[in-house]
């Protein structure tokens, strides 16, 4: 697996006091050297460096003083690589960073700028940036276990392999079912105990439960055997063919830290992966399902119980087959995110959860009533770029991290509220 590499280089003008910028850079180095895969160069450059930057994916240029815009420009322009500029609030550092940013953007370079006042602020802002870039880079290193009908991957695979770069390992339903049948009684009891830590299984038909858990077992085993780290399953043909749903398996795989998308939705799979990387919590794929009191309703049957509470099972909504997952939402704030079909735009909508759980019978089993502030339900319906949206639980800096992810992936960010 290829790991993204970054280099940090300090730049200063020789007309400034050496003791000043050396002390400043030592503080910068103490922050940056704590991050893995970040190479911090000890030398402070007052002239154009002679070292090669070919092996790095991102150049981080620290403007310690003013008078450094030309140095940085001459250093980075031989390389067609993204650039992060870091500036502080003294000695015209910011002025130089703004100057070179304008020049680089004019030449078509991808550039971001972090401005800080003290060491703690630098640590906080760079942490957001670093987590976002590493999360985005994980997308191209995804190994997706696709479970679908037939002997070939879905048509979407070529598109996503081209634009994102991840690998897809295809298995069909027969392979999944054969592996699922190898579950032993010991395996079954261990998984029952594991699931029971999160979901109330009381009153559930034991024969149906065993079928569901065998699917969960089979998917887990196939993930390990194929060295996969994410799963996409085309679930409706499987439900129709076998009269059992993979909803519990999808919910628990997400719970186990394996981003898993139902309905073979690779768009949502990308955001499920980002949710886990950026927040430490699984995301939740949900269908927009109309409005209630000017609030939007989202609903789906596969919520990971880690982001819920009071979870239980009930029949699947569309088919009545066993079983779907019902939870009350644990997180009251978050965003709903969606990529457009061409993978050019990331739509982000901040949301407050007003009410959740199995609220009404005519919808998928876990439902949430969502306040999107001034962004009305009617406007959402008019502008939505697709069906599934992924709920990402709120953590501090999430909005900033999503913007950095989009920058790295060359996505336009469209914030709706």
Those strands (runs of 3 or more DSSP E) completely within the stretch 1-65 that have 3 or more residues that are farther than 19 Å from residue 129 by Cβ are 38-45
List the number of the failed condition for residue 287; all other conditions in (1) part of a strand (DSSP E or B); (2) crowded, with 24+ Cβ neighbours inside 10 Å hold. (2)
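So which residues in the stretch 221-242 are part of a helix (DSSP H, G or I), touching a helix residue (DSSP H, G or I) at 6+ places or on another chain (Cβ under 7 Å) and closer than 23 Å to residue 282 by Cβ?
If we filter the stretch 221-242 for residues that are part of a helix (DSSP H, G or I), which is where we start, we get 221-225, 235-242.
Narrowing further to those that are touching a helix residue (DSSP H, G or I) at 6+ places or on another chain (Cβ under 7 Å): 221-222, 238, 241.
Result: 221, 222, 238.
Yes or no: residue 282 part of a loop (DSSP other than H, G, I, E, B), surrounded by fewer than 23 Cβ atoms within 10 Å (Cβ to Cβ) and in contact with a helix residue (DSSP H, G or I) (Cβ under 6 Å, 6 or more places away or on another chain)? Quick ask: steps written out before the conclusion?
Values: part of a loop (DSSP other than H, G, I, E, B): yes; surrounded by fewer than 23 Cβ atoms within 10 Å (Cβ to Cβ): no; in contact with a helix residue (DSSP H, G or I) (Cβ under 6 Å, 6 or more places away or on another chain): yes.
No.
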Kindly indicate whether residue 352 is in the same structural domain as residue 211 (by TED's automatic domain parsing), within 19 Å of residue 400 (Cα to Cα), touching a residue at least 60 places away in the same chain (Cβ under 8 Å) and surrounded by fewer than 19 Cβ atoms within 10 Å (Cβ to Cβ). no
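Condition test on residue 248, is it more than 23 Å from residue 151 (Cα to Cα) and either touching a residue at least 40 places away in the same chain (Cβ under 8 Å) or in a helix (DSSP H, G or I) (or both)? Working first, answer last.
Numbers: more than 23 Å from residue 151 (Cα to Cα): yes; either touching a residue at least 40 places away in the same chain (Cβ under 8 Å) or in a helix (DSSP H, G or I) (or both): yes.
Considered against the rule, which asks whether it is more than 23 Å from residue 151 (Cα to Cα) and either touching a residue at least 40 places away in the same chain (Cβ under 8 Å) or in a helix (DSSP H, G or I) (or both), residue 248 comes out as yes.
Would you confirm whether or not the stretch 261-268 contains a residue that is outside any helix (DSSP H, G or I), without any contact (Cβ under 8 Å) to a residue 60 or more places away in the chain and in the same structural domain as residue 335 (by TED's automatic domain parsing)?
yes
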Identify the single condition in (1) modelled with pLDDT of 95 or more; (2) at positive phi; (3) part of a loop (DSSP other than H, G, I, E, B) that residue 310 does not satisfy, given that it satisfies every other one. (3)
Selection status of residue 277, modelled with pLDDT of 95 or more, under 19 Å from the mean Cα position of the chain (by Cα) and under 17 Å from residue 251 (Cβ atoms): no
Quick one: would you say residue 101 is touching a strand residue (DSSP E or B) at 6+ places or on another chain (Cβ under 9 Å), under 30 Å from residue 144 (Cα atoms) and surrounded by 14 or more Cβ atoms within 10 Å (Cβ to Cβ)? no
Quick check on this structure: which one of 303, 392, 353, 349 is under 22 Å from the mean Cα position of the chain (by Cα), on the phi < 0 side of the Ramachandran plot, at pLDDT 95 or above and part of a loop (DSSP other than H, G, I, E, B)? 303
Screening 359, 272, 313, 343 for residues that are in contact with a helix residue (DSSP H, G or I) (Cβ under 8 Å, 6 or more places away or on another chain) and surrounded by fewer than 23 Cβ atoms within 10 Å (Cβ to Cβ) leaves only 343
Working only within the stretch 188-219, note down all residues that are surrounded by 14 or more Cβ atoms within 10 Å (Cβ to Cβ) and not in a helix (DSSP H, G or I). 198, 199, 200, 201, 204
Go through the stretch 313-338 and give me each residue that's closer than 18 Å to residue 195 by Cβ and not in a loop (DSSP other than H, G, I, E, B). 313, 314, 324, 325, 326, 327, 328
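Looking only at the stretch 1-23, filter to residues that are without any contact (Cβ under 8 Å) to a residue 12 or more places away in the chain and surrounded by 11 or more Cβ atoms within 10 Å (Cβ to Cβ); which one of those is farthest from residue 38 (Cα to Cα)?
The first filter runs over the stretch 1-23 and keeps only residues without any contact (Cβ under 8 Å) to a residue 12 or more places away in the chain, leaving 17-19, 23.
Narrowing further to those that are surrounded by 11 or more Cβ atoms within 10 Å (Cβ to Cβ): 17-18, 23.
Working: 17: 27, 18: 25, 23: 20 Å.
Only one residue tops the list, namely 17.
Would you say residue 192 is in contact with a strand residue (DSSP E or B) (Cβ under 6 Å, 6 or more places away or on another chain) and at pLDDT 95 or above?
Details: in contact with a strand residue (DSSP E or B) (Cβ under 6 Å, 6 or more places away or on another chain): no; at pLDDT 95 or above: yes.
Criteria not met by residue 192.
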Filter the stretch 212-235 down to the residues that are within 25 Å of the chain's Cα centre (by Cα) and in contact (Cβ under 8 Å) with a residue 60 or more places away in the chain and list them by number. 219, 222, 223, 226, 227, 228, 229, 230, 231, 232, 233, 234
So which residues in the stretch 165-177 are surrounded by fewer than 16 Cβ atoms within 10 Å (Cβ to Cβ) and within 23 Å of residue 409 (Cβ to Cβ)? 165, 167
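The values are calculated or read from the model by the stated rules, or taken from the named source; none is laboratory data. It should be emphasised that the depicted structure is a prediction, and the values quoted were computed from it without experimental measurement. Cβ: placed from backbone, ideal geometry, glycine included. Neighbour counts: every protein chain shown.
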